[in-house]
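Heads up, the thing below is written out as structure tokens.
The values are calculated or read from the model by the stated rules, or taken from the named source; none is laboratory data. Model, not experiment: these values are computed from the prediction. Positions of Cβ are generated from backbone atoms using ideal geometry, with glycine treated the same way; all protein chains shown enter the neighbour counts. Surface accessibility is based on the protein's heavy atoms, side chains included, excluding ligands, DNA and RNA. Shrake-Rupley method; radii C 1.70, N 1.55, O 1.52, S 1.80 Å.
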Amino acid sequence: MLLLDKKITEELYDIIILGGGVAGLAAAMTAGQLGLRVLVLEKAVFGGSVAVLESVSNYPGIDKIDGWEFTQTMAKQAEDAGARLIDSIEIIDIVESSEKTFELKSSTGNLFRSRSVIITTGGQPRLLGLKNEASFARRGIHTCAQCAGPRYKGKNVAIAGNGSWAVEAALHLLSLGCRITFITGDAKMAGNVFLIAKLLRYEQFYFMGGHHIVELHGSEYLEEIEVIDLKTSEIKRGKVAAVFVYRGIVPDIKIVSAQKNAKGFLLVDENYMTSRPGVFATGRVVYADLPIQVLVGDGSKTALAAAAWLQSDAG
């Protein structure tokens, strides 16, 4: 069992936040500023997928900042507001007790108690689903352009997917001198229209809408892909050194027995509450593709909603 101070495990919290990405940290900071007893539990490192970004750009009031600096500043602000933060701890079960409290059990055997819970655990990248995809993992198939991009400087690469994260990944790869084919089943790119317009001005950028990757080829490393035209069924082949996959995420919500939509994301009401009273959700467990500023804003609004619910429940 992970040894924690008894003060941490014996306290009854007002809100326990599962997930320390930007949405979770924003919720923690807001809840702490309201004087609530807040605990944030993160199974990896604070900051989530944003922490590994080489830069966060076009965030309100900030032109550009390193992803690690941005998220660790948020973590410090949450702690300064009074929230407790614990990383490298995974919650495997949430049980509602007869005392209108929730008991959360970790994989290490620790128990935590809270009057409400906010789920913001994010998820895992949704991959291509091709039979030999795993054999090219980190050998040409990647899910983070900011992390793996530098090894492909000046090479032909593809982006498979769509949305704001895919658009920003394309701009990052272009800054490394890559030649990019943007492959999506959609007719148009989705995301920040100004960034999309910027992308389309690059001669090294080629948009391939209405297509999907259907085959991967290579000996030890990825060398070539086959792409199908969804209208004509025509197969095209192209040489690429890498494919960066941005097809959204598979939400990490297996610990929550609450209603989900057809795509597996948690359903919430206008106050971010799930079908389980006292259990709230925000971020990428609710929506697949949101820009960072929206994740932060939704995190804060979820904390406000949870605080209002706690006050009404106490009354």
Cys residues of the chain with no disulfide-compatible partner (no other Cys Cβ under 4.7 Å) are Cys178
antiparallel share of DSSP beta bridges within the range 77-199, to nearest 5, in %, is 60
Expressed per residue, the solvent accessible area of the chain in Å² (1.4 Å probe) is about 48
Straight-line reach check, Lys76, cutoff 24 Å on alpha carbons, 8 or more apart in-chain or any other chain, hits among lysines -> Lys6, Lys7, Lys43, Lys64, Lys301
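Restricting to Cα pairs below 8 Å that are 6+ residues apart, what does the relative contact order work out to for the range 51-107? Please round to a whole percent. Write out the running numbers ahead of the final one.
Details: 55 pairs, mean separation 12.1, N = 57.
Over the range 51-107, the number comes to 21 percent.
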Within the range 1-134, the percent of DSSP beta bridges that are antiparallel, given to the nearest 5, stands at 50
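Filter the GluC sites (Glu not before Pro) in the range 182-281 to those in DSSP coil with at most 13 other Cβ atoms within 10 Å of their Cβ, and list the result.
Values: sites: Glu203, Glu215, Glu220, Glu223, Glu224, Glu226, Glu234, Glu270; in loops: Glu203, Glu220, Glu223, Glu234, Glu270.
Qualifying residues, ordered by number: Glu203, Glu220, Glu234, Glu270.
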Check: C-alpha center the range 6-71 vs C-alpha center the range 169-248, spacing in Å is 33
Ranked output for segments 90-103, 243-256 by mean other Cβ atoms within 10 Å, highest leading, reads 243-256, 90-103
Taking Cα atoms, the helix 22-33 axis meets the longest principal axis of the chain at an angle in degrees (rounded to 10) of 20
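Sorted by mean Cβ packing within 10 Å, highest first, what order do the peptides 207-213, 118-124 take? Working shown, then result.
Working: 207-213: 17.7, 118-124: 24.7.
Going from most to least packed, we get 118-124, 207-213.
Let a ≥ b ≥ c be the square roots of the eigenvalues of the Cα gyration tensor of the range 242-315; is it rounded (a/c under 1.5), or, if not, prolate (a/b larger than b/c) or oblate? Mind dumping the intermediate values first?
Numbers: a/c = 3.35, a/b = 1.72, b/c = 1.94.
The shape class here is oblate.
Counting only DSSP beta bridges with both residues in the chain, what percent are antiparallel, rounded to the nearest 5? Don't skip to the end; give the middle numbers.
On the way: 28 of 61 bridges.
The antiparallel fraction comes to roughly 45 percent.
Tally up the carbon and sulfur contribution to the accessible surface of the chain as a whole percent, 1.4 Å probe, everything protein left in place.
On the way: 7840 of 15210 Å².
Its accessible area is 52 percent carbon and sulfur atoms.
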